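*Asks:* This structure is in structure tokens; I'll ask about it shortly.
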Amino acid sequence: MGFRFGFDAITGDYKVVSFLLCRNEAEIFSLNETRLNCISVSCIPPEAVHCKYAKDVFLNGVIHWICNTKSSFFILTFDVHGEFLGTMSTPSDPITKPDFAMVEIDELKDCLALCCHLGEEGCTIWRMAE
């Protein structure tokens with residue numbers, strides 16, 4: 001899944017998170033403390049697939065990126081200050097199913113947004129208001 005980079009505004013620290021799915025854990029490296037911490041990635045379904053080159057969005061102290069299983073997309077989150085992983089569901093609209101669309105994550109007017117590309121049919125944008 002590659003590396004992700006975020007800033008902890010509370011401590012003024014930059015952190016790097018790296019996934020080691022073969023060991024079912026993530027490593028978090030704190031630049032200020034020069035320490036390595038490991039956490040479980042049990043919230044990630046075992047069949048999850050993610051392109052390590054896909055864009056992530058850092059918003060409100062949390063890194064967000066898209067993952068998918070064979071049947072659906074979901075948003076993986078990492079709280080940089082609390083150093084914990086979580087997941088968020090995407091809209092249940094059929095266009096966010098992997099067979100129908102390419103989904104990208106972005107920021108739109110200080111909110112998390114998903115853009116579902118539908119080929120020649122255009123795209124649909126979902127904006128999370130809260």
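*Asks:* What FRET efficiency comes out for the pair Ser71/Cys43, r = Cβ-Cβ distance, R0 = 22 Å, nearest 0.05? Write down the numbers at each step before the final one.
*Replies:* Details: r = 17 Å, r/R0 = 0.80.
So, using R0 = 22 Å, E works out to roughly 0.80.
*Asks:* Would you mind putting 25-38, 6-19 in packing order, based on average other-beta-carbon counts within 10 Å, highest first?
*Replies:* 6-19, 25-38
*Asks:* Just to be sure I understand the model, the point goes 7 Å from the Cα along the line to the Cβ. What's the resulting Leu31 to Thr87 distance in nm?
*Replies:* Output for this residue pair reads 3.1 nm.
*Asks:* Continuing with the same structure: Ranking request for peptides 79-85, 69-75: highest mean number of other beta-carbon atoms within 10 Å first, then the rest in descending order. Walk me through the numbers on the way to the answer.
*Replies:* Details: 79-85: 16.7, 69-75: 14.9.
Per-residue mean Cβ counts within 10 Å order the peptides as 79-85, 69-75.
*Asks:* While we're here: Between beta-carbons, use under 13 Å as the cut-off and find the net charge around Ile28, counting Lys and Arg +1, Asp and Glu -1.
*Replies:* Local net charge: -4.
Bear in mind that the values in this text are calculations on the coordinates, not laboratory data. The structure presented is a predicted model; accordingly, all values stated were derived computationally and were not measured. Cβ atoms come from the backbone with ideal geometry, glycine included; neighbour counts cover every protein chain shown.
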